[in-house]
1. Taking only C-alpha pairs under 8 Å that are 6+ residues apart, what is the relative contact order of segment 80-159 in percent?
2. Taking a probe of 1.4 Å, how large is the accessible area per residue of the chain, in Å²?
3. Accessible area of the chain with a 1.4 Å probe: how many percent of it is carbon plus sulfur?
4. How much mean residue ellipticity at 222 nm does the chain get from its helices, if each DSSP H run of length 4 or more adds -39500 (n - 2.57) and you divide by all residues, to the nearest 500 deg cm²/dmol?
5. Working from Cα positions, state the angle (0 to 90°, nearest 10) between the long axis of helix 84-99 and the longest principal axis of the chain.
6. Run the numbers on segment 73-125 and let me know its relative contact order in percent, using alpha-carbon pairs under 8 Å that are six or more apart.
7. Please compute the contact order of the chain in relative form: average sequence separation of alpha-carbon pairs under 8 Å and at least six residues apart, divided by the residue count, as a percent.
8. In the Gaussian network model of the chain, springs joining C-alpha atoms below 10 Å, which of Asn84, Asn173, Asn12 carries the largest mean-square fluctuation?
Amino acid sequence: MPTCSTSGQKTNKSGERKITTTNRLLYDKTTTCEVNGKTETCYYKYAIGTKTGYTQAAQGCLAATANKDGTELISVVLHSADINRFGDTKAIFKYGFKYFKTYDIYKPGDKVGEIKVKGSKHGKTSCAAAYYASADLADDSEKENITTDIDYVDKIIAPAAKGTYVGKMNVYNNGKLISTVDVVTAEPAEEGVFSFIYNGHVAHPFQLA
């Protein structure tokens, strides 16, 4: 099967290497395939990976990924032929990008709530999403169906640095859990006057006793 080769940069573990792929979506602008009844080249400009394969039972296979305008899709085609798997994969990607788009509910650093911090100067601190909390929706109006809640850890004691893990945010679409995102402190929680009560300082009367 024809391949496309490129040079991989050297690393601290190895020298420059030749990297070869048999995934025509990534490079082949000459060979044609059928996509939804139309003839197109195998190349797909939004493709970013991944791997072709073949076994006697599964025949021609292709696990592929593509990214368009921030929406990333994964396609798996089994029991196809050499060229057909690329056309089938393009058809799947075109359908997915036409009917679904990734919407960011929260971005990293967006405030999502507050948590009590025992022994802290202010008694509590704000929390933020550690990563993107996203949902794949048919259109923007479906955002109204998205809800979230947060499962906080049992206890946070000052001092707590910014970025301290405090729980997980659950993201639901129409009540169905679709993803979870780590929640962290959005700012440092400094020790307060009575922080020794919680952090085991030796000057605390209970510790002295």
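The values are calculated or read from the model by the stated rules, or taken from the named source; none is laboratory data. Nothing here was measured: the structure is a model prediction, and the numbers come from that model. Ideal geometry is used to build each Cβ from the backbone, glycine not excepted, and the neighbour counts take in all protein chains shown. Accessible surface areas use protein heavy atoms only, side chains included; no ligands, DNA or RNA. Shrake-Rupley method; radii C 1.70, N 1.55, O 1.52, S 1.80 Å.
1. 32 percent
2. 63 Å²
3. 51 percent
4. For the chain, the value works out to -3000 deg cm²/dmol.
5. So the inclination is approximately 50 degrees.
6. Relative contact order comes out at 21 percent.
7. Over the chain, the number comes to 13 percent.
8. Asn12
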